Amino acid sequence: MSDSTGARAVMWAYLTTGVAIFGLMALIGLALRVEQAQWVAYDPGTFYALMTLHGSGMVVALALSAMGGLWFIMNRERGMDRTIAWSAYAAIVVGVLCVILSIFPGRFAAAWTFLYPLPFTGATWPSWATGAFLFGVALVMLGWTVYCVQLLGCVLAKYGGLRGAVGWDLVFHPGRASTSSAPEPPPQAFAALVTAVDGLFAATGGMLVGVALIVHWIDPSVAIDPLWAKNLTYQFGHTFANLTIYMAIAFVYVALPRYANRKWHTSPVLAIAWWGTLLFVATAYFHHLYMDFVQPRGFQYLGQVASYLAAFPPAVVTIFGGALLIYRSKMRWTMGSMFLYAGLVGWLIGGIGALIDATVPINFSLHNTLWVPAHFHTYLLEGVTLFVLGWIFANLEARSGLVSSLLTRWIVGLGIFGGGALLLLGWYVAGAESVPRRYAVQPVPGPAIAAWASIGAMLLIAGLVFCLAEAVRLARAPKALTAS
Amino acid sequence: MHQTTVLAGFLVAAAAVLIVMAAIARTTTQPEEPQSIVTATGYRLRRGWLWVLAAAAAAAFALSLPEFPYGKPATLTGQHYSVIATQYSFELPSVVPADTPIVFDVTSKDVNHGFGIYDPQDRLIAQVQAMPQYINHLPLRLYAKGHYVVRCLEYCGIAHAAMLGSFDVR
Amino acid sequence: MPVITGEREPDIGKHHLDHAVLMLLGIIAGLALYAPRNDRESAPWLWVAVLSPILAMLLMAPSLYAATDALPWLHSLMHVTFALLALLTAYGGQSYIRGVGWATSALLQTMAIVAAFGYGVAPAAAGIASAQAPASAPIPGKAVHGRQLFAQNCAVCHGQHGEGGVGPSLKNEQARKDFAEVQAWIKKPAPPMPTLYPAPLNAKDVADVAAYVESLK
């Protein structure tokens, strides 16, 4: 198997597994929303078990997809050991299976947050299910850690250590940078560096709280501080989920310029922007604890500051840069480029919703209402998912030499963007109406809004199905002569 | 901040983003311009955009800081009321005085809960987490008299949605 | 810092920090040791560098640690193990690809320090007195425990005092089901009542809850 074929095998394994899990989780999501619309009825135990699976599964699905594409991109910069990538993949897949088992048949229903002491106290599921879930998440984290270590090693070795990888000389010593033997990192290498460093940072918190909870599961006499556990849970969870966006941005950096027939350069501005992301993504997680008044006051201020500042690099450099890249360009609009560009839009809109909630006095009346799922679904569904789809189509189009018809793009677009907008609006409006999140039975006007949202979800899924069919069509087409 | 205002602001901003990004996408049907020309103007625009964002962020921060709900030590001298959350009920005072500085001392007997106060118009006006082994102090002044509903705002188990309480403000 | 002593450190948090110091020494040693410059990744070293911190955190489990108090030599062995695992974390990372050892070391050291603030350490229960008055009527021994379990697992649907709500009222249930029948129902309920046996209620719990339910008037 040639190097390139082997690398593609890794990428497609990650991508197709991620997409498969995504599809299953999307159906589960629909099941949750229609229950809230009161179109179907099932007991809260089942609802919350499904909700737990949906949350954990979706983030892992998107992470897997983004990881695969980013690995392939960075492998082209510096060849990486495939067995390490496969072992990370294996650890994650086995972890996902453990999580699924904990829920079917275990009926574990503590939500992905497993907020101590909940997995243990008042559990309506057997103890083995708790263990299986914790162990599953630990395995996923192990795979993630291995992946991040490999990615870190790649950028350090290729670009001349940390100094080269962060583009230090590029910003402060341009003369030295141009004469250095180490190559200049392309934009996607910055995405890889930040993913690796902040990813390991997230893994640190996750590993620690994971070990503590597993130890407590084995021996309940081991005390755990609930505030400490909450901090670590969100440090790991927020950062990990947030990084899916920054991994997927590499797809935009690589593929969008090809569609626009332009170049996306590394520049001092780009380097500085990623330094900002490196710092602010790691410190923003405190915004999950605004309503824990016992938190040290400094952390609350830091949370709002970091959350606000985290918006600058995307808004000023990446999204603006993407818009500038295609402005008055000879842009080829295909399914791939449509998704990549739309993802930038979704990211920006989700960011506005997030910044609003990251403002403490507003959070006071929005925290744990449906505004929270509103903003993160915007990021994940109309951001990361679109970047992943864009990358998949960019590859399939290049390989087959074919593109999708305008009609197909309209149908898919109406479903994914139109249906998606309806689904998301449902959450924003319900959140503003103070409907709480994670309610199997919602107070008025939750159910009425959920009905509209469910229609949106169905349109969205229909669009995704069309999209899948189109992807299969392109994949089955013979390889084009011009494809690499 | 009033939720309706927040929602309206968000929708306006989202619409603006959609319009601008769509307009930029449409420029690809116009004659092509070399990248170097585009970036020359674009980078100047970017600097302006940065300053606009920075000013907005600074303003948002300055305006929000006095409204942080944590209270200063002086505000914690109001009348104290205990709130104890358990799976799946709240132990609450039945009446609290209107237009008076009060402090809810909130804790939990078992898992994390959320003490969410809904006013007589069924709007969430205040909340704080209920964490075992800790007491969260929520300083408040409730002006509107009437019946207030309390909902649990932190997932606490399968009966989370049924966990309700209430008190009157007189 | 007690290294070889049979005395139990009363403060677990402080003990974690002692271990963090030990690990720092191991890390310094690991980083200082020569590691070959690698142009090729070495997968075994990656696994050493990633698994060592996890093992160290597991070994820091306070209850496991308490068991070593009785044997000073075992206690010392644990300390040596921590330092060794830290060394492996650092050296392993550097041997995988030079520079990575700093990251894996930072990961381990951060965990070791942060552990001091919550791993085996927690504040006492918050001091808010419950205003709930105790029940005035005497209840049979088993049913006291049953009432606690009822409040945790059943009250949400059947009401705080069995008066009903989402689920039916259980007042005077003894007229409809006897003790054995109530147990059987709890163990094998019909939806929408959730299954609470064998978890969170074991057989004894079920009996206690049934005793309480039978006492409801």
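Quick notes on this one:
- For the stretch A:332-484, diffusion coefficient by Stokes-Einstein and Kirkwood Rh (Cα), 10 °C, 1.306 mPa s, µm²/s: 96 µm²/s
- Karplus (6.51, -1.76, 1.60) ³J(HN,Hα), θ = phi - 60°, over the stretch A:136-143, in Hz, Gly and Pro reported as x: x, 5, 4, 5, 4, 5, 5, x
- Once Rg and the Kirkwood radius are both taken over the C-alpha atoms of the stretch A:162-256, their ratio Rg/Rh works out to 1.20.
- Each 5 Å bin from zero holds the following percent of Cα-Cα pairs in the stretch C:141-215: 4, 18, 30, 33, 14, 1, 0.
- Calculated on the alpha-carbon coordinates, the convex hull of the stretch A:254-344 measures out at 100 cubic angstrom per residue.
- q = 0.07, 0.14 Å⁻¹: log10 I(q)/I(0) that the Debye formula gives for chain A, counting C-alpha atoms only: -0.35, -1.55
- For B:S82, the amide hydrogen comes within under 5 Å of the amide hydrogens of B:D105, counting only partners 5 or more places away or on other chains and with H modelled in the peptide plane.
- Relative contact order for the stretch A:362-484, counting Cα pairs under 8 Å that sit 6 or more residues apart, in percent: 41 percent
- Considering only Cα atoms, the convex hull volume of the stretch B:86-127 works out to 92 Å³ per residue.
- The stretch B:73-169 gives an Rg/Rh value of 0.95, both radii derived from C-alpha positions and Rh following Kirkwood.
- Farthest towards the positive end of the charge dipole of the stretch A:1-331, among the residues A:P105, A:H288, A:G161, is the Cα of A:G161, using unit charges on the Cβ of Lys, Arg, Asp and Glu.
- Distance distribution note for the stretch B:37-77: the fraction of Cα pairs above 14 angstrom is 66%.
- Cross-link partners of C:K177 among aspartates and glutamates (Cα-Cα below 16 Å; sequence separation of 8 or more within a chain): C:D208, C:E214
- Peptide A:113-126, shielding by other chains (average Cβ, 10 Å cutoff): 6
- In order through the stretch A:103-120: 3J(HN,Hα) via Karplus (6.51 cos²θ - 1.76 cosθ + 1.60), integer Hz, x for Gly, Pro: 9, 10, x, x, 6, 4, 9, 8, 6, 4, 6, 5, 6, 3, x, 4, x, 10
- Reference-scaled alpha-carbon Rg (2.2 N^0.38 Å with N residues) for the stretch B:3-67: 1.54
- All-pairs alpha carbon distance profile, chain B, 5 Å steps from 0, percent: 1, 7, 11, 15, 13, 11, 8, 7, 6, 6, 5, 5, 3, 1, 0
- Put a plus charge on the Cβ of each Lys and Arg, a minus charge on the Cβ of each Asp and Glu, and nothing anywhere else: the dipole of the protein assembly as shown about its Cα centre is then about 2100 debye.
- From most to least packed by mean Cβ count within 10 Å, the peptides A:173-183, B:101-111, C:25-35, A:63-73 give A:63-73, B:101-111, C:25-35, A:173-183.
- When the alpha carbon coordinates of the stretch C:31-78 are projected onto the principal axes, the ranges are 48, 19, 13 Å, largest first.
- Viscosity 1.567 mPa s, 4 °C: Kirkwood-radius Stokes-Einstein D of the stretch A:183-223 over Cα pairs, µm²/s: 105 µm²/s
- Residue by residue, the stretch A:305-312 carries 3J(HN,Hα) couplings of 4, 5, 5, 4, 5, 4, 6, 5 Hz when phi is fed to the Karplus relation 6.51 cos²θ - 1.76 cosθ + 1.60 (θ = phi - 60°); x denotes Gly or Pro.
- Its residue count N fixes a reference of 2.2 N^0.38 Å for the stretch A:314-366, and the Cα radius of gyration divided by that reference is 1.48.
- Value at 222 nm in deg cm²/dmol, rounded to 500, when DSSP H runs of n ≥ 4 in chain B each add -39,500 (n - 2.57): -11500 deg cm²/dmol
- Relative contact order, percent, chain B [alpha-carbon distance under 8 Å, six or more residues apart]: 19 percent
- Partner lysines for C:K171 [C-alpha distance under 17 Å; skip if fewer than 8 residues away on the same chain]: C:K217
- Short-range pairs are left out: with C-alpha atoms under 8 Å and at least six residues apart, the relative contact order of chain A is 15 percent.
- Dimensionless Rg ratio for the stretch C:1-115, taking C-alpha atoms and the 2.2 N^0.38 Å reference: 1.09
- Residue exposure sequence - A:D81, B:D168 - by fewest surrounding Cβ within 10 Å: B:D168, A:D81
- Between A:T113 and any residue 5 or more places off or on another chain, the built amide H atoms are never under 5 Å apart.
- Residue by residue along C:53-64, Cβ atoms of other protein chains within 10 Å of the local Cβ number 5 on average.
- Helix-only [θ]222 nm of chain A, DSSP H runs n ≥ 4, -39500 (n - 2.57) each, per residue, nearest 500: -24500 deg cm²/dmol
- The lysines whose alpha-carbon is closer than 29 Å to the alpha-carbon of B:K145, local same-chain residues fewer than 8 away aside, are B:K72.
- Peptides B:20-26, A:300-306 ranked from most to least packed, by the mean per-residue count of other Cβ atoms within 10 Å: A:300-306, B:20-26.
- log₁₀ of I(q)/I(0) at q = 0.04, 0.06, 0.07 Å⁻¹ - the protein assembly as shown, Debye sum with one point per alpha carbon: -0.18, -0.42, -0.57
- Remark: mean inter-chain Cβ contacts per residue of A:345-351 equal 4, using a 10 Å Cβ-Cβ cutoff to other protein chain atoms.
- Summing charges over neighbours of A:V317, with a neighbour being any other residue whose Cβ is under 14 Å away from its Cβ, gives +2 when K and R count +1 and D and E count -1.
- Highest mean first, the peptides C:15-24, A:380-389, A:267-276 sorted by other C-beta atoms within 10 Å per residue fall in the order A:380-389, C:15-24, A:267-276.
Read the figures in this text as sums done on the coordinates, not as results from a lab. All values derive from a computational prediction rather than experimental measurement. Every residue, glycine among them, receives a Cβ derived from its backbone with ideal geometry; neighbour counts consider all protein chains shown.
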